[in-house]
Structures are given as structure tokens and as C-alpha cells.
Amino acid sequence: MASTETGATSESLPQDPTNDLQSTIHGKARLGDKVFRNLSTGSGTLILVILAAVATFLVGLSIPALTADPEELQYGAFWAYALPFAFGTVWASFLSMLFAVPVAIGIALFISHYAPRRLAQGLGYVIDLLAAVPSVVFGLWGINTLAPLVRPLYVWLADNFGDLPVLGWFFAGPVSGTGRTILTAAMVLAVMVLPIITAISREVFLQTPRLHEEASLALGATRWEMIRQAVLPFGTPGVVSACMLGLGRALGETMAIAMVLSPASVISFELLTPSNPNTIAGNIALAFPEAFGLGVNQLIATGLVLFVITLAVNMTARWILASRKEFSGAN
């Protein structure tokens, strides 16, 4: 009797329609969820496979050059050959970021918080359009327009700062007669990475919570104080990511550097002289047609060095972002 009454009582209870609805939704979406999950997992795995394949290719073809007798190599001892190009890659990229980052952040703030809507939209389109310009066009612009234009400035810098104790390391002469220096190449790279940093920073700044901005203004802050208190702290992780993407573009740029730079196998901080440290990518583009035997392996080994530098930059960016998130969470 007790079991009968219990069964009758349970049958008399109203059924929850939410459970039936959720089961129906999950049942219909189960195939889509499975397909999407498999596609996402496959895409992530494919990226790792491609990265491992590239690393395997570079390491496999670099070993002959790394283990060979220096006298057998076309370009001499490997590290003595590769270090100037590694230095030139890092130095040119650092200079380009030094020029591009402040300008890109300023443009992004102007578009997102200062410019009228119509002007902001038009300026945003122009900035995005720069990203579609081929690197060869930037190289031609650097040779034919920028280099002759900045040469008088280089002469002035050498005359006024070349003899100073610290600035002389950078601005000492003799000044290049063509203007094709590492500083000119860095300017071209800065223009090339500017759209990437600007576009991402602009979108990050536009995502700042409106309540944070209004609260800062309500406390009496000016527009710049509001940006400093609310917009910049919120957008710092995104700006760091944008800078690292731009730095990756600058590290791997080939054609513009090969066309603009007057290269030499030197390690020098001088910015205005005709002998400039070349980059790894630019050297590979210039030297590969004439390479043979172990010389090809030697060039591929320098590509492995560039791969390691790029990987180190990305890992550093991830570490900075992780530290920033932890800091924000602690607050």
C-alpha cells in the first residue's frame, strides 16, 4: 500500500516543462555542438602540427650547417655570420616600434574618444587601408621618397649630435649619401606596422565600459584624465597584444628591408652611416639565389634563429598578458 501511494503521489506531481525544453534543445543541438567542437579541436591541433612541422624543417636542415667545420661553410663560421643579422633584426624592429607605438596609440585614442563620428569612420578606413598596401610599394616609397627627404635631417643630426658623449653612438657620421640607412628602414617598418597596432588598440579602447568612463567624468575628471584612469588601464592587455603582433610583422619583414637598407655584416648602433646591420629575412632574400651546398643550410639556420626570436617575443607577450590579468584579478 505504501509503495502504491508513493507511486500515485509521484504521478500526481506536475512535471517541470523546463527540463523537457532543455532536453529537447540539447537533443537538437547535439550534432551541431559535436561538429563545432571537432572543428575547433581540429583547428587548434592543426596549428600545433604546422608549427611543429616548420620547427622540424628548420632544425633538420640547420643541423648540417651547425655541425659542419667552419672552413666548409660558404659564409664562414655560423655564429660569426648569424649574430650581425640577428642584431640587425632586433635593432630595426625595436626602432620601428619606438616610432610606431606612440603614434598608433595616439591615433587610436583620437579615433575612439576625440574625433567626430564621420571623421573617425573615414580615418579608420584610411588606417585599415594601409594594411593592404604590399611591402614592395613601401620599399619603393622608402627608396624614392623617404630616403632623399630625410637625408638633410640626417646631416643636421650628425652635425649637432654626432660629437656628444652618448648620442654620438647613434648619430655619428659619416652620413649616407643615399639616405638608405637603418633609421630609414625603421621608419618604413613603422609605417607598415602602424595599421595593425592602431586597429587593435582602437577596438580595445571602444570596448571600455561606458559606466567606468561616466564615473570618472562624474568625479570631475577631464577627458584626458578619464582616458588615463579608465580607458588606458582597461585597454593595456589589448595594446600589448597589438604591439606584439606589430613586432612580429616587423621581425619578419623581408622585401621592404631588402629594398631600402644598404646592408653590411656589422654590429653597430649608428643610425646614419652607409654601413648598416642587415636583418635575417633581408639577408636570406638577397643571398639565397647565390647560395649553394652548405650555404643553403646556413641560411636556413639563420631562419631558425629568427624563428626562435619570434617565439621568444610571443612567449614574452603571453607572460605580460598573464601577469596583467593576475594583477587585475588581485584588485
Qualifying residue in region 306-314 (condition: at pLDDT 85 or above, polar (S, T, N, Q) and more than 24 Å from the chain's Cα centre (by Cα)): no
How many residues are under 21 Å from the mean Cα position of the chain (by Cα) and of a type in the set (D, E, K, R) when one looks only at region 251-289? 1
Can you list residue pairs whose Cβ atoms sit under 9 Å apart, with the first residue in region 311-324 being assigned by TED's automatic domain parsing to the domain that holds L51 and the second being surrounded by 12 or more Cβ atoms within 10 Å (Cβ to Cβ)? Count only pairs 6 or more apart in sequence or on different chains. none
Qualifying residue in region 282-294 (condition: at pLDDT 85 or above, more than 24 Å from S62 (Cβ to Cβ), surrounded by 24 or more Cβ atoms within 10 Å (Cβ to Cβ) and not hydroxyl-bearing (S, T, Y)): no
Which of the helices (runs of 4 or more DSSP H) found entirely inside region 139-257 contain at least 2 residues meeting this: in the same structural domain as A281 (by TED's automatic domain parsing) and β-branched (V, I, T)? 147-161, 182-206, 232-252
Which of the residues that make up region 68-90 are out of contact with any Pro (no Cβ under 6 Å at 6 or more places or on another chain), within 18 Å of T254 (Cβ to Cβ) and crowded, with 20+ Cβ neighbours inside 10 Å? A82, F85, T89
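Which of the following residues is of a type in the set (A, V, I, L, M), surrounded by 10 or more Cβ atoms within 10 Å (Cβ to Cβ), over 27 Å from L299 (Cα atoms) and modelled with pLDDT of 85 or more: V35, V59, V54?
V35
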Does region 251-264 contain at least one residue that is surrounded by fewer than 16 Cβ atoms within 10 Å (Cβ to Cβ) and within 30 Å of V155 (Cα to Cα)? yes
If we ask which residues in region 151-186 are surrounded by fewer than 20 Cβ atoms within 10 Å (Cβ to Cβ) and either of a type in the set (S, T, N, Q) or under 27 Å from R249 (Cβ atoms) (or both), their number turns out to be 5
What are the pairs with Cβ atoms under 6 angstrom where one residue, in region 217-245, is closer than 17 Å to Y114 by Cα and the other, located anywhere, is at pLDDT 90 or above and in a helix (DSSP H, G or I)? Sequence gap at least six, or different chains. L217/M226; V231/F205; G235/V204; G235/F205
Residue check for R210: more than 23 Å from the chain's Cα centre (by Cα) and among the basic types (K, R): yes
Here is a list of conditions, (1) hydrophobic (A, V, I, L, M, F, W, C); (2) within 30 Å of P174 (Cα to Cα); (3) in contact (Cβ under 8 Å) with a residue 40 or more places away in the chain; (4) in a helix (DSSP H, G or I), and L286 meets all of them except one; can you say which number that is? (3)
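Quick grid of which residues meet (1) out of contact with any Cys (no Cβ under 6 Å at 6 or more places or on another chain); (2) of a type outside the set (V, I, T); (3) closer than 30 Å to A230 by Cα:
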| position | (1), (2), (3) |
| --- | --- |
| Y125 | yes, yes, yes |
| W141 | yes, yes, no |
| T145 | yes, no, no |
| A158 | yes, yes, no |
| R180 | yes, yes, no |
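The values are calculated or read from the model by the stated rules, or taken from the named source; none is laboratory data. Predicted model, so just to flag it, every value in this text is computed and none were measured. Glycine gets a Cβ as well: all are built from the backbone with ideal geometry, and neighbour counts include every protein chain shown.
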